[in-house]
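All remarks here apply to the structure that follows.
The values are calculated or read from the model by the stated rules, or taken from the named source; none is laboratory data. Nothing here was measured: the structure is a model prediction, and the numbers come from that model. Cβ placement follows ideal geometry from the backbone for every residue including glycine, while neighbour counts extend to all protein chains displayed. Please note that ligands, DNA and RNA were not included when accessible areas were found on the heavy atoms of the full protein model with its side chains. Shrake-Rupley method; radii C 1.70, N 1.55, O 1.52, S 1.80 Å.
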Amino acid sequence: MNQHPRNKSKMYKAVIGMVVFLLLAWVAFRIFGKDSEPLLSRDQAELAVLSEYAGKVDSLKLQAGAYIAVLQTEQGRYELTLDGVTGEILSIVLLKRTDEPAVQPTSAATPAPSGGAAVTPSPAPTPSAQSVVSQEEAVSLALREVPGELDDVDTGIDAAGAYYLVEIHTSDGREAVVQVNAISGHIMSVTWEEPDGDDS
């Protein structure tokens, strides 16, 4: 009499086990199957690098859905990681510097606006002057643009590429945020922050 409930229990376990197996098989197929977008070819990946940076791609390999490129420029040797589908550059690492970068500072410091935040772009550099600048170089360029004391440095990336945000306190108590292009070193913008004062 007790065998009938045991048989039902075994049948439920078998059905549940089969459902779990089928679900895992479906998930594995979705992850490892060819449902994803096609990867860029090696030529397309190399073109994506060279369209952003002047130099020569020494090596290019596909690794876990991303391309790893080694780029030789006049300034040094860099390792770049590209999204294997879109070609977007995800990271840049300096492997070896050959000499001082060819980044030229912009002209005289941008005058501060009297009130509010304003953006003052600098002229874009020529393509031959493109290089990857270090954080120290970005700080130096920002301090040439807006003389003062370094407060903080952040990095970011957007559709235009990688950049540094350098916060500078000026001698007259104001704060400027200088956006420096991480590839070319040119000053993308200078934003003046409102001073923290008790204006009530």
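Looking at the stretch 148-159, which of its residues are surrounded by 12 or more Cβ atoms within 10 Å (Cβ to Cβ) and under 12 Å from residue 176 (Cβ atoms)?
148, 150, 151
Output the qualifying pairs, or none if there are none: Cβ atoms under 9 angstrom, residues six or more apart or on different chains, first residue in the stretch 147-167 and free of Cβ contacts under 8 Å to residues at least 24 places away in the same chain and within 17 Å of residue 193 (Cβ to Cβ), second residue aromatic (Phe, Trp, Tyr) and not in a strand (DSSP E or B).
From residues that are free of Cβ contacts under 8 Å to residues at least 24 places away in the same chain and within 17 Å of residue 193 (Cβ to Cβ), there are no pairs.
Could you run through the stretch 160-178 and say how many residues are open to solvent by less than 60 Å² (accessible area, probe 1.4 Å) and either under 25 Å from residue 91 (Cα atoms) or touching a helix residue (DSSP H, G or I) at 6+ places or on another chain (Cβ under 7 Å) (or both)?
Here the count works out to 10.
Is it true that some residue in the stretch 29-39 is surrounded by 13 or more Cβ atoms within 10 Å (Cβ to Cβ) and either under 21 Å from residue 157 (Cβ atoms) or modelled with pLDDT of 85 or more (or both)?
No, every residue in the stretch 29-39 fails to be surrounded by 13 or more Cβ atoms within 10 Å (Cβ to Cβ) and either under 21 Å from residue 157 (Cβ atoms) or modelled with pLDDT of 85 or more (or both).
I'm told residue 18 meets every condition in (1) open to solvent by less than 80 Å² (accessible area, probe 1.4 Å); (2) at pLDDT 85 or above; (3) over 20 Å from residue 183 (Cβ atoms) except one. Can you identify the failing condition by its number?
With (1) open to solvent by less than 80 Å² (accessible area, probe 1.4 Å); (2) at pLDDT 85 or above; (3) over 20 Å from residue 183 (Cβ atoms) applied to residue 18, the lone miss is (1).
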